[in-house]
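Chemist: My structure is below; once you've seen it, I'll send some questions.
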Amino acid sequence: MGIVEILVLGVALSADAFAVTISNTFVYPGEAKARLALMPVLFGLFQGLMPLLGYFVGGLAAEVIEEYSGVITLIILGFIGGNMVREGVCALLGLGDDADEPGNGPAVKRLTIATLLVQAIATAIDAFAVGVSLRAQAVAIVPSSAVIALTTAACCVIALLIGRKLGEVLGDRAEVAGGVVLIIIGLKAFFA
């Protein structure tokens, strides 16, 4: 496999991380830039690590991970996305925990590192299977994983910029839209 094919593979693998990054910018519009910068870093890191794991450990667990990766991704992203939709609808209707309490001001949502780690793992599960196939093709895994990681990070930086603009356009509906995107990604992984 040449560099062009690895770049294309990196872009393909980064599609879910791209969409999740956009969704996160919808849900956490006031998040600090340093925290948002963790998305390209963590998503790129996991997209680069998973092919390495698949390459070196793949023979042992590849079939199990490939068989259940869609279910795992659906459960993780479906839960996160469903929660985002619920919170977004409650906020739009002025119900629940997101409603302003007298004297306290509006609740501020924070993008936690734990959430980012779970999302990074969920969006990178398919990269494990790619590592297994790269081993079968005798591809140099370290440079290939580095290209995949850097491609994903670059795509996520672009997603941050796009997400900010779309979030401004969508306004209060952005959280619901972000949750729906995560659910769709989970369903795509399940049915793929």
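The values are calculated or read from the model by the stated rules, or taken from the named source; none is laboratory data. Every value quoted in this text rests on a predicted model; they were computed, and no experiment measured them. Quick reminder, even Gly has a Cβ in these numbers, built from the backbone with ideal geometry, and neighbours come from all protein chains shown. Heavy atoms of the whole protein, side chains included, go into the accessibility calculation; ligands, DNA and RNA do not. Shrake-Rupley method; radii C 1.70, N 1.55, O 1.52, S 1.80 Å.
Chemist: What distance in nm lies between label points placed 7 Å from Cα along the C-beta direction at VAL41 and LYS188?
Modeler: Between VAL41 and LYS188, the simple spin-label model gives 2.7 nm.
Chemist: Here's a follow-up. Straight-line reach only, C-alpha to C-alpha below 16 angstrom: list the lysines that LYS33 could link to, leaving out same-chain residues fewer than 8 apart.
Modeler: Straight-distance partners of LYS33: LYS109, LYS165.
Chemist: Per residue, how much space in cubic angstrom lies within the convex hull of the C-alpha atoms of the chain?
Modeler: 109
Chemist: Still on this structure, I have one more. Using only the Cα atoms of segment 145-185, what do you get for the radius of gyration and for Dmax, in Å?
Modeler: Radius of gyration, then largest Cα-Cα span, for segment 145-185: 12.7, 38 Å.
Chemist: Please identify which residues in segment 1-23 have an amide N closer than 12 Å to a label point set 7 Å out from the Cα of GLN137, following the Cα→Cβ vector.
Modeler: Of the residues in segment 1-23, 1-10 have backbone N under 12 Å from the label point off GLN137.
Chemist: Same structure, new question: If you build a Gaussian network model of the chain, linking Cα atoms that sit under 10 Å apart, which residue out of THR151, THR115, THR73 swings the most?
Modeler: Comparing THR151, THR115, THR73 in a Gaussian network model of the chain, the most mobile one is THR115.
Chemist: Follow-up. At 222 nm, what helix-only mean residue ellipticity would the chain give, in deg cm²/dmol to the nearest 500, using -39500 (n - 2.57) for each DSSP H run of four or more?
Modeler: -30000 deg cm²/dmol
Chemist: Report the accessible area of MET39, computed with a 1.4 Å probe over the heavy atoms of all protein chains in place, in Å² rounded to the nearest 10.
Modeler: Probe radius 1.4 Å; accessible area of MET39 about 0 Å².
Chemist: For the chain, which whole percent of the accessible surface, found with a 1.4 angstrom probe, sits on carbon and sulfur atoms?
Modeler: Numbers: 7050 of 9900 Å².
The nonpolar share, carbon plus sulfur, comes to 71 percent.
Chemist: Quick check: the angle from helix 3-27's long axis to the longest principal axis of the chain, C-alpha only, nearest 10 degrees?
Modeler: It is inclined by approximately 20 degrees.
Chemist: Also: May I ask you to give the solvent-accessible area per residue for the chain, in square angstrom, as obtained with a 1.4 angstrom probe? Could the numbers behind the result be given before it?
Modeler: Values: 9900 Å² over 192 residues.
Accessible area per residue, the chain: 52 Å².
Chemist: Order LYS109, LYS188, LYS33, most accessible first, counting only protein heavy atoms with a 1.4 angstrom probe. Walk me through the numbers on the way to the answer.
Modeler: Numbers: LYS109 55, LYS188 110, LYS33 170 Å².
Order by accessible area, largest first: LYS33, LYS188, LYS109.
Chemist: Springs between alpha-carbon pairs under 10 angstrom, Gaussian network model over the chain: which of THR123, THR112, THR152 fluctuates most?
Modeler: THR112
Chemist: Which one, TYR28, TYR68, TYR55, has the greatest fluctuation when you compute a Gaussian network model over the chain with C-alpha springs under 10 angstrom?
Modeler: Taking springs between Cα atoms under 10 Å, the residue moving most is TYR68.
Chemist: Taking 0.36 nm per residue of sequence separation and subtracting the Cα-Cα distance, how much length would be gained by fully extending the chain between ILE162 and GLU67, in nm to one decimal?
Modeler: Values: separation 95, 0.36 × 95 = 34.20 nm, distance 3.33 nm.
In short, 30.9 nm is gained.
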